[in-house]
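The values are calculated or read from the model by the stated rules, or taken from the named source; none is laboratory data. Bear in mind that the values here come from a model prediction, so they are computed numbers and not experimental data. Cβ coordinates were reconstructed from backbone atoms using ideal geometry, including for glycine residues, and neighbour counts include every protein chain displayed.
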Amino acid sequence: MKLQIFQIDAFASQPFTGNPAAVVPLDAWLPDDVMQAIAMENNLAETAFFVPGENGYDLRWFTPTIEMDLCGHATLASGFLLFEILGTDQNILRFQTRSGELTVEKSDGRYALDFPSRPGVSSEAPAGLLEALGGKLPKEVLKSRDYMMVYESEADIRAIKPNFEALAKIETHAVIVTAKGDDADFVSRFFAPEVGVPEDPVTGSAHCTLIPYWAEKLGKNELFAKQVSWRGGELFCELAGDRVRIGGDAVLYMKGEIYVTSGKSAGA
């Protein structure tokens with residue numbers, strides 16, 4: 001079986017920045033273990049698969065080790081692929097996912113995600129987490145799907161050098177670290193070794209928690225954010241009630257074909 005595959009840098013205006021995602025368009029779902037094996041072979045933070053559905057497209061995302069409940073950059077990459085390469089007559093693309101309906105809208109040359117807001121609640125850091133992040137005490141600790149640690153400055157965020165081996169042993173799913181930015185409303189980084197992604201370059205799903213927090217703290221609903229990973233990325237954010245809008249650019253890096261032997265699953 002021969003499948004098309006595209007690698008797209010999301011939240012990026014030029015290659016080698018933002019967050020790379022693989023996207024595999026399908027006519028029908030492959031077995032779960034085959035999709036997981038493809039994602040493991042790709043060895044990117046996320047591989048997205050979509051099939052045409054009754055209400056747009058059905059969309060799923062896989063890290064190298066698990067299927068995810070929500071992913072921003074691979075959703076943006078899927079929208080970019082449909083808008084710019086495969087072609088569509090839709091102004092808004094609708095994706096049915098484990099997190100409900102998500103949309104991607106093209107506006108003024110940029111792609112805007114409509115995602116659920118996931119505000120964090122005050123929490124305590126689990127044992128070992130602060131030490132795994134280098135020991136510096138945050139101003140606040142919150143919990144949604146992920147733990148979110150709020151620090152004093154962008155310099156604090158850039159200086160964090162996680163112990164990924166220690167971090168992977170803590171039941172955290174993922175950890176967001178954030179602070180007010182020097183030339184952005186806020187900055188962040190995202191660590192998820194437990195799900196096979198030590199540091200994610202740019203994380204749309206993390207902004208489901210970041211946006212409501214910083215909108216309240218800064219007293220405004222439209223925000224400009226940067227994820228200050230080694231690749232870096234820019235996100236144009238808006239809080240809209242119980243939803244968030246996350247805008248960004250994307251560029252095609254690579255396209256090709258993959259070959260899967262029919263009936264052969266991972267480890268066979």
Is it the case that some residue within segment 164-172 is touching a Lys or Arg at 6+ places or on another chain (Cβ under 6 Å) and outside any loop (DSSP other than H, G, I, E, B)?
-> no
Among the candidates Phe80, Phe16, single out the residue that is over 17 Å from Glu257 (Cα atoms), crowded, with 18+ Cβ neighbours inside 10 Å and of a type outside the set (Gly, Ala, Ser).
-> Phe80
Got a sec? Which of Arg94, Arg118 is within 22 Å of Phe236 (Cβ to Cβ) and either touching a Cys at 6+ places or on another chain (Cβ under 8 Å) or in the same structural domain as Asn221 (by TED's automatic domain parsing) (or both)?
-> Arg118
If Arg118 passes every condition in (1) in contact with a strand residue (DSSP E or B) (Cβ under 8 Å, 6 or more places away or on another chain); (2) crowded, with 20+ Cβ neighbours inside 10 Å; (3) under 26 Å from Ala215 (Cα atoms); (4) not hydrophobic (A, V, I, L, M, F, W, C) but one, which one does it miss?
-> (1)
From the set of residues in segment 148-173 that are closer than 19 Å to Trp230 by Cβ and crowded, with 21+ Cβ neighbours inside 10 Å, which is modelled with the lowest pLDDT?
-> Leu167
Output the residue which, of all residues in segment 121-133 that are touching a residue at least 40 places away in the same chain (Cβ under 8 Å) and assigned to a loop (DSSP other than H, G, I, E, B), is surrounded by the fewest Cβ atoms within 10 Å (Cβ to Cβ).
-> Ala127
Kindly establish whether Ile258 is surrounded by 16 or more Cβ atoms within 10 Å (Cβ to Cβ) and of a type outside the set (Asp, Glu).
-> no
Give just the number: which of (1) of a type outside the set (S, T, N, Q); (2) assigned by TED's automatic domain parsing to the domain that holds Phe83; (3) in contact with a Leu (Cβ under 8 Å, 6 or more places away or on another chain) does Lys106 not satisfy?
-> (3)
So how many residues does segment 196-216 have that are touching a residue at least 12 places away in the same chain (Cβ under 8 Å) and either over 16 Å from Phe115 (Cβ atoms) or surrounded by fewer than 18 Cβ atoms within 10 Å (Cβ to Cβ) (or both)?
-> 5
Is there a residue in segment 149-157 that is over 18 Å from the mean Cα position of the chain (by Cα), in a helix (DSSP H, G or I), closer than 22 Å to Ala10 by Cβ and assigned by TED's automatic domain parsing to the domain that holds Leu223?
-> yes
Being part of a loop (DSSP other than H, G, I, E, B) and of a type outside the set (Gly, Ala, Ser) is the filter; apply it to segment 73-104 and report the residue that is modelled with the highest pLDDT.
-> Arg98
Is there a residue in segment 53-65 that is more than 24 Å from Pro193 (Cα to Cα), of a type in the set (D, E, K, R), part of a strand (DSSP E or B) and in contact with a strand residue (DSSP E or B) (Cβ under 9 Å, 6 or more places away or on another chain)?
-> yes
Scanning segment 174-192 residue by residue, those surrounded by 15 or more Cβ atoms within 10 Å (Cβ to Cβ) and assigned to a loop (DSSP other than H, G, I, E, B) turn out to be Ala174, Gly181, Ala184, Asp185
